[in-house]
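Data first, discussion second: the structure below is written as structure tokens.
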Amino acid sequence: MSDLFPTLDPRREAMGQGAVLLRGKALSLEAEILTALKNITAQAPFRRMTTPGGFLMSVAMTNCGSAGWVTDRTGYRYDRIDPETGRPWPSLPPAFLQLAAQAAAEAGYEDFRPDACLINRYEPGARLSLHQDKNERDYAHPIVSVSLGLPATFQFGGPKRTDPVRKFALRHGDVAVWGGPSRLFFHGVPELKDGEHETLGRMRINLTFRGAL
Ligand code: MD6
Ligand code: FE
């Protein structure tokens, strides 16, 4: 879709060059997404992973797709096998693929077919410090990021860790699409505030779709 009159569409917010926030975009697929999520986490449970520096992450993670993002003392990588179960990750459900492709197209990235989806679970107090997403092979693919449950603040910086950050509220159903010139910008999520979401309770779930392989 063209973006001639961005201020006239409150559902669409520019975050930066190549980065757009589609407010409420996931809501029409909410039921399918939550059902698929239960299925995935029954097969590949959430777990807190250890960074190469030896820190236990406060965000619990799992994955679906041909490959999953993992971290341990040896480093960050994509792995076709879930190290916890020894099995391949659950496949990407149709509702996930549909949402990711539609959101990417709406943001100007046609034909996005993700092969990996990292699923993050934040409980109150959990945070993700400023980082770049740079373990993917081809930065030409955008990232599609879906927020569910409790609201969070998203910090969106620049190409250097020390660049100033802008802050965006991410709420249940919001989808951020991010690529092109800002694909490698630093970003993070400060401590999740406590609260109770009507469908997800005391947590926030974030799905990030990537072309990883
Ligand atoms: C989160 N998201 O929203 C963490 N990365 O919980 C990310 O780290 C992220 O939302 C790249 C692109 C979009 C994202
Ligand atoms: Fe990220």
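The values are calculated or read from the model by the stated rules, or taken from the named source; none is laboratory data. Source: prediction; values computed, not measured. Heads up: the accessible areas ignore ligands, DNA and RNA and are worked out on the full protein's heavy atoms, side chains in. Shrake-Rupley method; radii C 1.70, N 1.55, O 1.52, S 1.80 Å.
Cα-Cα over 21 Å: which of LYS167/LYS193; LYS25/LYS134; LYS134/LYS160? Present the calculation step by step, with values, prior to reporting the outcome.
Working: LYS167/LYS193 15 Å; LYS25/LYS134 26 Å; LYS134/LYS160 13 Å.
Going by Cα-Cα distance, LYS25/LYS134 fall outside the 21 Å limit.
Rounded to whole Hz and in sequence order, give me ³J(HN,Hα) for region 79-88 from the Karplus expression 6.51 cos²θ - 1.76 cosθ + 1.60, θ = phi - 60°, writing x for Gly and Pro.
Rounded to whole hertz, the list is 10, 6, 10, 6, x, 6, 9, x, 10, x.
Quick one: among PRO151, PRO90, PRO164, which has the greatest mean-square fluctuation in a GNM of the chain with alpha-carbon springs under 10 angstrom?
PRO164
Suppose the chain between ILE81 and GLU191 were pulled fully straight at 0.36 nm per residue; how much longer would it get relative to their current alpha carbon spacing?
Values: separation 110, 0.36 × 110 = 39.60 nm, distance 3.00 nm.
Separation in residues times 0.36 nm, less the Cα-Cα distance, equals 36.6 nm.
Just how much of ILE81 is accessible, in Å², when a 1.4 Å probe is used and the result is rounded to the nearest 10?
Answer for ILE81: close to 70 Å² accessible.
Hey, any idea what the orientation-averaged projected area of the convex hull of region 1-144's Cα atoms comes to, in nm²?
In nm², the orientation-averaged hull projection of region 1-144 is 9.7.
Select from PHE186, PHE55, PHE46 the residue whose mean-square fluctuation is largest in a Gaussian network model of the chain (Cα-Cα springs shorter than 10 Å).
Highest fluctuation of the listed residues: PHE55.
So what's the gap between the Cα centers of region 73-121 and region 173-191, to the nearest angstrom?
That distance is 16 Å.
Hey, can you find the accessible area per residue of the chain for me, probe 1.4 Å, expressed in square angstrom? Can you show the working numbers first?
On the way: 10410 Å² over 213 residues.
In whole numbers, the chain has 49 Å² accessible per residue.
Could you please put LEU213, LEU56 in sequence from largest to smallest accessible area, using a 1.4 Å probe?
If we order LEU213, LEU56 from most to least accessible, we get LEU56, LEU213.
What span do the alpha-carbon atoms of region 148-188 cover on each of the three principal axes, reported in whole Å from largest to smallest?
Sorted largest first, the three principal extents are 30, 20, 10 Å.
Tell me, what is the 1.4 Å probe accessible area of GLU191, in Å² to the nearest 10?
It works out to around 120 Å².
If you rank ASP115, ASP9 by how much accessible surface each has, with a 1.4 Å probe, what is the order from largest down?
Heavy-atom accessible area, descending, gives ASP9, ASP115.
Give me the percent of the accessible area of the chain that comes from carbon and sulfur atoms, probe 1.4 Å, all protein chains in place.
Here it works out to 53 percent.
Rank these by accessible area, largest first, 1.4 Å probe: TYR122, TYR78.
So the residues, ranked largest to smallest area, are TYR78, TYR122.
Thinking of region 82-171 as a set of Cα atoms, what percent of all their pairs are more than 17 Å apart?
That fraction is 64 percent.
Given only helices, namely DSSP H runs of n ≥ 4 each adding -39500 (n - 2.57), what is the per-residue ellipticity at 222 nm of the chain, to the nearest 500 deg cm²/dmol?
-4000 deg cm²/dmol
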